[in-house]
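What follows is calculated from the coordinates using simple rules that are stated; it is not laboratory data. In this text the structure is predicted, and so the values were computed from the model without any measurement. Glycine gets a Cβ as well: all are built from the backbone with ideal geometry, and neighbour counts include every protein chain shown.
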Amino acid sequence: MFGYDLKPMAGNRSIQFATPEKALLDLLYLYPFYDNEQELEELRLDEDFLHIDLNKDLLMDYCLKFQSKALDYQR
C-alpha cells in the first residue's frame, strides 16, 4: 500500500489517511467511466486545489504504480 499518511487518533492510535493524489487516483481507478473532460467536471473538484496544491509529479508517480489502462494518461 502506498500514498497514505499516518494521522494520530485518540488512545495513542493512528489511522492511514490517503494523500489527495492517491484519493483522486483511487476514485478514477474505481470509477473508470470518468474518462472525459465533461465527466471530470461533473465531479466538482476544487479547481484551485488541483491547479495549486495537487502534487502533479507525485500523481504521475502513483499513476505508474497502478499499472492500469484506466489510468493511462497518455491515451
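In table form, for the structure just shown:
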item	result
Additional length obtainable on full extension of the chain from residue 43 to residue 29, 0.36 nm per residue less Cα span	3.6 nm
³J(HN,Hα), Karplus 6.51/-1.76/1.60, whole Hz, each residue of region 32-49, x for Gly, Pro	x, 6, 7, 10, 9, 4, 4, 4, 5, 4, 5, 6, 6, 6, 5, 5, 4, 4
Which labelled figure in [x] 85; [y] 118; [z] 171 is volume of the Cα convex hull per residue in Å³, once derived from the coordinates	[y]
Built amide H within the under 5 Å cut-off of residue 4, gap 5+	19
Listed peptides 51-57, 21-27, 2-8 by packing density, highest first (mean Cβ within 10 Å)	21-27, 2-8, 51-57
Within straight-line cross-link reach of residue 65, aspartates and glutamates at Cα separation under 14 Å, skipping those fewer than 8 residues along the same chain	21, 26, 57
